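Inspection log for the structure reproduced underneath, given as structure tokens.
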Amino acid sequence: MNEREKKVKSILITQPPPEPGKNVYEEMAKKNKLKIDFRAFIHIEPLTAKEIRKQKISFPDFTAIIFNAKNAVDNFFNIAAEMKVEMPPDTKYFSINESVSNYVQKYIVPRKRKMFHGKGTEKDFLTLCKNHSGEKFLFPCSDIRKPSIPEFFEKNKLNMRECIIYRTVSSDLSDLKEVFYDILVFFSPADIKSLYDNFPDFVQNNTRIAGFGESTQKAILEHNLILDIPAPAADSPSMLAALEKYVVRANSEKKG
């Protein structure tokens with residue numbers, strides 16, 4: 001028996017609260033009588049126009065813009081408006097999935113030949129970009145981002161330039177100092193950084209830690225924390241599935 005599989009009563013998801021009706025953890029909480037709270041450990045701060053100009057990048061010089069998140073869409077068009085930059089009408093927009101692509105339409109009039117999106121996976125999205133190798137791509141992104149997109153463009157000798165348009169910063173979590181949860185659920189290395197920015201003397205003890213994705217799991221282990229619940233896994237494609245399997249085992253009657 002795994003001695004760390006102790007009964008679970010409370011879980012903290014280190015993300016913003018979901019929109020009404022979109023809480024995928026709600027059913028699990030009811031079924032297993034759990035308290036599940038949400039709290040974003042990080043937030044976004046846009047760069048100023050002055051900081052953008054220091055990067056010596058002119059948005060209209062690029063024929064295609066890459067968006068891998070809705071945050072990138074908002075910050076790109078907001079800073080463009082602040083700088084009084086108008087994108088050429090033939091600019092193409094490549095979004096990682098249909099949801100992000102639809103979100104771009106908040107800011108532009110969609111045209112069939114300039115809106116492209118992947119089918120949901122990063123691999124499919126990158127293949128889509130490769131199929132348009134003649135474009136001059138701009139990748140508006142955070143100061144903290146996965147290296148997979150720029151690495152792919154470099155490997156395939158595609159014309160792409162990154163532009164940092166917002167920062168990912170640690171949120172103030174001081175009100176959680178005396179609050180304890182059985183499980184903390186992390187989704188990015190920035191979440192782990194925020195934990196230690198707020199609580200430099202954090203000691204794990206019996207707190208179980210769940211981590212989604214390789215980079216998050218690496219950050220957990222680099223801080224000498226015990227990764228109790230990794231996701232995705234062969235039998236748990238999502239964090240929800242991984243948590244539910246763990247809770248069912250830990251809260252079984254055999255374990256009291």
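Using the structure shown, decide if E178 is acidic (D, E) and modelled with pLDDT under 95.
Yes; evaluated as a whole, the condition is true for this residue.
Return the pairs, sorted by first residue and then second, in which the second residue is small (G, A, S) and in a helix (DSSP H, G or I), the first residue lies in the stretch 66-79 and is assigned by TED's automatic domain parsing to the domain that holds V104 and surrounded by fewer than 19 Cβ atoms within 10 Å (Cβ to Cβ), the beta carbons are less than 8 Å apart, and the residues are 6+ apart or on different chains.
The qualifying pairs are K70/S99.
Residues in the stretch 208-219: is at least one within 25 Å of I52 (Cβ to Cβ) and assigned to a loop (DSSP other than H, G, I, E, B)?
no
Taking only pairs six or more apart or across chains, which ones have beta-carbon atoms under 6 Å, a first residue in the stretch 44-59 that is closer than 12 Å to C163 by Cβ, and a second residue that is surrounded by fewer than 13 Cβ atoms within 10 Å (Cβ to Cβ)?
none
Considering only residues of the stretch 81-115 that are surrounded by 19 or more Cβ atoms within 10 Å (Cβ to Cβ) and touching a Phe, Trp or Tyr at 6+ places or on another chain (Cβ under 6 Å), which is nearest to M160 (Cα to Cα)?
F94
Could you please find all residues in the stretch 220-237 being outside any loop (DSSP other than H, G, I, E, B) and either surrounded by fewer than 17 Cβ atoms within 10 Å (Cβ to Cβ) or free of Cβ contacts under 8 Å to residues at least 24 places away in the same chain (or both)?
L221, E222, P230, A231, A233, S236, listed by residue number.
The values are calculated or read from the model by the stated rules, or taken from the named source; none is laboratory data. Everything quoted here is computed from the prediction, not taken from an experiment. Glycine gets a Cβ as well: all are built from the backbone with ideal geometry, and neighbour counts include every protein chain shown.
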